[in-house]
Amino acid sequence: MRLYNGGLIITGIVVFLALATFPFYYNIGKANAKPDIKLEPAIKMSEERYGKKQCVEPKEWIRREHMVLLNHWRDAVVRDENRGYLSTDTGTRFNMSLQNECMQCHSSKKNFCDQCHNYMAVKPFCWDCHIAPTEKEEARS
Amino acid sequence: MLEKALEGSKKYWAWLILLSALASVGFYFYLQQYAYGLGLTGMHRDVSWGLYIGQFTFLVGVAASAVMLVIPYYLHDFKKFGKIVILGEFLAIAAVLMCMLFIMADMGQPGRFMNIMLHPSPQSVMFWDFLVLAGYLALNAVIGWVTLGADRKGMPPPTWIKPFIYLSIPWAISIHTVTAFLYAGLPGRHFWLTAIMAARFLASAFAGGPALLLMLALIVRKLTKFDPGKEPIQALAKIVTYAMFANVFFLALEFFTAFYSQIPGHMHAFDHLYAHSATPLVPMMWVSTAFALISLGMLFFPAIRKNETTLVMACIMLFTSLWIDKGFGLVIGGFVPNPFDEVHEYWPTLPEGIITVGIWAIGFLVLTMLYKVAISVREQTAGVEIDH
Amino acid sequence: MSMKRRDFLKIAGISSILSVGAKIAEATHPAWVTGPDPKQLVPNKQALSAKRWAMIVDMTKFKTEADTLKVIDACHRAHNVPDFRTPDGKVDKKLEVKWIWQAGFERAFPGQDNKYMSEHLKDMPFMVLCNHCDNPPCVRVCPTQATYKLKNGITMQDMHRCIGCRFCMAGCPYGARSFNWVDPRKAANLDVKRGGKLNNEYPQRTKGVVEKCTFCTERLQIGKMPACVEAAPKGALLFGDLEDQNSEIRKIITTRYTIRRKPDLGTGPAIYYLIGGSDHA
């Protein structure tokens, strides 16, 4: 058996492998530590606003599904004129708004959005339009 | 068959490299536009479509014009078009591709393109335009590839392709009709609000497209062993002549309605295009008019039409005339004056022009490679007439 | 069994794609596939509501240019509308974005002017904005339903969904729509570092989307009148329910002579203009 155009084929395979594995060796040696998520001062604000420490839905669910939630909120607010969301968890009525609800408690975009998004290398478009809260000194430290 | 596009003379490769270079420069400027926004173009809130959409409109016509070969060949059994019908189909592919690129270049949020499919809106002409264009691209790709593949094997094309070929005829009419409906259904845009817009589009398409095809066929004849023959060229020239008559006639109708009725809104756009614009639009529109009349006059006389040198001259003028009229003036005329009766001029910027050239280069690159494939197959089967 | 290798590969390929797809769907959407229970989504109790919102612009109440400028400013501040300027401080016509502005009579009502009409009427600064039409061409032409009608008559714009094709701008016979030719944050008035001020309760826009007046749906929802209505001289901009026989605007439209912009196009504009009578002749 003879491999026709063997040189070309092997070169092609090598180039393909080099490109396909690029993300792996590009990141070799870079720090990939999990972000150390700082929740303060958010929870304090939630206590101020709603009398107890609570998010819209249970924490674990929010961590996993917040993007889905936000998509539904967006359509409900912009297209159906519903502004209120009743939590399945506590029944509390929340204002469906990224700027005027979520970020009122999660008052640091750096801590609550960027840390994980950067770690996961996702780049949501939220902040192309929405206004992020002004970062306070304590959030920077 | 595609491998035939990858082998060729030094000239062939030099041409491909030149086109790739132009396309790369265009793409570089597109990246700039992508990063900065459409503010890089000459458009503004009063003239919110410009060169890109004009080119798109013009090229839909070029794409639709393939039908001018398909109808005689497949419906009227005009065998002489047997050799060049594939050139028409491949031109349609390249043209639709350019249309799509111009749409992408014009979109403010190209990344959200799939929203058209995610939220289908049948009341929007744009939605239908997207569907018919994509369909037309698929039809021509399948038809062109299958018939050419059969030719290569020296066999008639499979019978299952026939319904697709017949479908491509009304489909070609539909792409340009729907494109005309983008304009002709908008209240308050007097220049566009005309019932004969689709008819005008088809007339200009069936003049401009075959004129381009005629020139391409002659270039191909000069550069390769492929000879379309004298008769198909003359048949094309007649098609161009009739269609151009219709086109000039339709344009004259528009002038009559506007200026005999004396309704200001109907006259304003013509005034701007042909008399008052402070941009080079005015001389351009007059060049278009002059070229249209001269080329039509030349095509009218059989002696001039039969001489291929003068025929090509007429085709160049005709194509230029239609390119200015439809690829540029048409869009601006609808936007100036604006809904407030104010004149806000538009002129494309350099980056806008370069991106436009880049897209044309991509179109010609695809066209060249497709033609290379078609001609290589034809050269192999030279002299063998295959009955489709 | 005589399965061709080709067929086997096809089946294997398709089934692996399907199973991976299902796994991904399962992993990402375990809780919600269809979204929240509709009962969880409720309107605000304090929201102002109407069957058909409409506006009267009473031109007799706009005394000076300062009155109109105040209105424009209130709207544009409330909605973070960029104010692009050329280096010499003039409005940058190339990048201009506007929701509400002023126009002379022959501009707002082209074709209805005549050369003997009073200078006063000619020079009146008519407030022009989106007409929130009954039969809006912009909604008809939008290929993604990024612009659409709300039940209360407002023609809404979903800047999240807009693909920036600008068909709506060609469709609108009132020139009410603006496109973000560049990132609006480039405008000095929205750049905090250059002394700009933002309304933190309202978003900005990204480049490449169309925007326009939304009759302040976000304010109506929290029980506030539109920003322009609040900023205008008393009674100059009247906002109310056209379908409500007892509403102030309905009574005025029934009893007095009002005009609308380009009603002959069949769009059914919901902005009515009161020009006033001889008291200004």
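Determine the sum of side-chain charges near C:GLY268: Lys and Arg each +1, Asp and Glu each -1, restricted to other residues whose C-beta is under 9 angstrom from that of C:GLY268.
Numbers: positive: C:ARG260; negative: C:ASP134.
Residues close to C:GLY268 contribute a combined charge of 0.
From other protein chains only, count the Cβ atoms within 10 Å of every residue's Cβ in C:195-205, then give the mean.
Averaged over the peptide's residues, the number is 3.
Determine, for each peptide in B:180-193, B:267-280, C:128-141, the mean count of other beta carbons within 10 angstrom over its residues, then list the peptides with the highest first.
C:128-141, B:180-193, B:267-280
Using a 10 Å cut-off on Cβ to Cβ distances, tally the other chain neighbours for every residue of B:332-340 and report the average as a whole number. Present the calculation step by step, with values, prior to reporting the outcome.
Values: counts 0, 0, 1, 2, 0, 1, 3, 11, 11.
Mean shielding count: 3.
Which aspartates and glutamates, if any, have their Cα less than 12 Å from the Cα of C:LYS115, not counting same-chain residues under 8 positions apart?
Partners within reach: C:GLU106.
Go through B:LYS153/B:LYS222; C:LYS149/C:LYS224; A:LYS59/C:LYS45; A:LYS34/C:LYS197; C:LYS151/C:LYS212 and tell me which ones have a Cα-Cα distance over 30 Å in this structure.
Cα-Cα > 30 Å for A:LYS34/C:LYS197; rest within.
Got a sec? Charge dipole of region B:240-347, +1 on Cβ for Lys and Arg, -1 for Asp and Glu; which of B:MET284, B:THR310, B:PHE250 is way out at the positive end?
B:THR310
Place a +1 charge on the Cβ of each Lys and Arg in region B:219-270 and a -1 charge on the Cβ of each Asp and Glu, then give the dipole magnitude about the Cα centre in debye, rounded to the nearest 20.
380 debye
Report the calculated FRET efficiency for B:ALA35 and B:LEU223 (r = Cβ-Cβ distance, R0 = 56 Å), to the nearest 0.05.
The pair B:ALA35/B:LEU223 has a calculated efficiency of 0.90.
Quick check for me: using +1 on Lys/Arg Cβ and -1 on Asp/Glu Cβ, what's the dipole size of chain B about its Cα centre, in debye to the nearest 20?
Dipole about the Cα centre, nearest 20: 1120 debye.
So if R0 is 35 Å, what FRET efficiency would A:MET45 and A:LYS123 give, r being the distance between their Cβ atoms, rounded to the nearest 0.05?
0.85
For the protein assembly as shown, build the charge dipole from Cβ charges (+1 Lys, Arg; -1 Asp, Glu) around the Cα centre, then report which of C:HIS160, C:GLN221, B:SER24 sits farthest towards its positive end.
B:SER24
For chain C, give the magnitude of the charge dipole about the Cα centre (Cβ charges: +1 Lys/Arg, -1 Asp/Glu; no others), in debye to the nearest 20.
Numbers: 44 positive and 29 negative charges, 206 e Å.
In total the dipole reaches around 1000 debye.
First measure r as the distance between the Cβ atoms of C:SER118 and B:VAL357, then evaluate 1/(1 + (r/R0)^6) with R0 = 45 Å and state the FRET efficiency to the nearest 0.05.
Efficiency, rounded to the nearest 0.05: 0.25.
How many Cβ atoms of partner chains, on average, are near each residue of A:77-90 if near means within 10 Å of its Cβ?
On the way: counts 4, 12, 7, 5, 14, 8, 11, 8, 4, 6, 2, 4, 0, 0.
Mean inter-chain Cβ contacts per residue within 10 Å come to 6.
I need the semi-axes of the equivalent ellipsoid of the protein assembly as shown: take the C-alpha gyration tensor, multiply each eigenvalue by 5, square-root it, list largest first in whole angstrom.
51, 40, 23
Pop out the ³J(HN,Hα) list for region C:218-223 in order, Karplus 6.51 cos²θ - 1.76 cosθ + 1.60 with θ = phi - 60°, rounded to Hz; leave Gly and Pro as x.
Once θ is set to phi - 60°, the couplings for region C:218-223 become 5, 7, 4, 5, 10, x Hz.
For a protection proxy built on the mean count of beta-carbon atoms within 10 angstrom, sort C:88-100, C:196-208 highest first, please.
In descending order of packing, they fall as C:196-208, C:88-100.
For chain C, what's the relative contact order in percent, using C-alpha pairs closer than 8 Å and at least 6 residues apart?
Taking the mean separation of contacting Cα pairs over the length of chain C, I get 29 percent.
When Lys and Arg each count +1 and Asp and Glu each count -1, what net charge do the other residues less than 10 Å away from C:GLY111, Cβ to Cβ, add up to?
So the environment of C:GLY111 carries a net charge of -3.
Using the charge dipole of chain B (Lys, Arg: +1 at Cβ; Asp, Glu: -1 at Cβ; taken about the Cα centre), state which of B:LEU367, B:PRO232, B:VAL67 has its Cα farthest towards the positive end.
Among B:LEU367, B:PRO232, B:VAL67, the one farthest towards the positive end of the dipole of chain B is B:PRO232.
Let me check against my output: what whole-number percent is the relative contact order of chain B, with C-alpha pairs under 8 Å and at least 6 apart? Intermediate results must be reported in sequence, preceding the final value.
Values: 514 pairs, mean separation 121.0, N = 388.
Averaging sequence separation for qualifying contacts and normalising by length gives 31 percent for chain B.
If I stretch the segment between B:GLN380 and B:THR310 completely, what's the gain in nm (0.36 nm per residue apart, minus their alpha carbon distance), one decimal?
That pair, B:GLN380 and B:THR310, stretches by 22.0 nm at full extension.
Tell me which lysines have Cα within less than 21 Å of C:LYS61's Cα, excluding those fewer than 8 residues away on the same chain?
Output for C:LYS61: C:LYS70, C:LYS122, C:LYS234, C:LYS251.
Relative contact order (percent) for region A:23-113, with alpha-carbon contacts under 8 angstrom and 6 or more residues of separation?
Reported as a whole number, the value is 32 percent.
Per the helix-only calculation at 222 nm, which mean residue ellipticity applies to the protein assembly as shown, given -39500 (n - 2.57) for every DSSP H run of n ≥ 4 and division by its residues, nearest 500 deg cm²/dmol?
After summing the helix terms and dividing by residue count, I get -16000 deg cm²/dmol.
What distance in nm separates the simple spin-label points at A:LEU8 and B:ALA21, each placed 7 Å from Cα in the Cβ direction?
2.6 nm
What is the Cα coordinate range of region A:37-140 on the first, second and third principal axes, sorted by size from largest, in whole angstrom?
36, 31, 24
Stretched out fully, how many nm does the piece from C:LEU69 to C:GLN245 gain, at 0.36 nm a residue minus the Cα gap?
Answer, rounded to one decimal: 60.1 nm.
Could you rank the peptides C:180-191, B:83-94 by their average count of other C-beta atoms within 10 Å per residue, with the highest value first?
The peptides rank, most packed first, as B:83-94, C:180-191.
At most 15 other Cβ atoms within 10 Å plus a DSSP loop assignment makes a site exposed; report the longest stretch of chain A without any exposed chymotrypsin sites (Phe, Trp or Tyr not before Pro).
A:5-124
Laboratory data are not the source of any read-out in this text; all were calculated from the coordinates shown. None of the values given here were measured: they were computed from a predicted structure. Every residue, glycine as well, gets a Cβ built from its backbone with ideal geometry; the counts of neighbours run over all protein chains shown.
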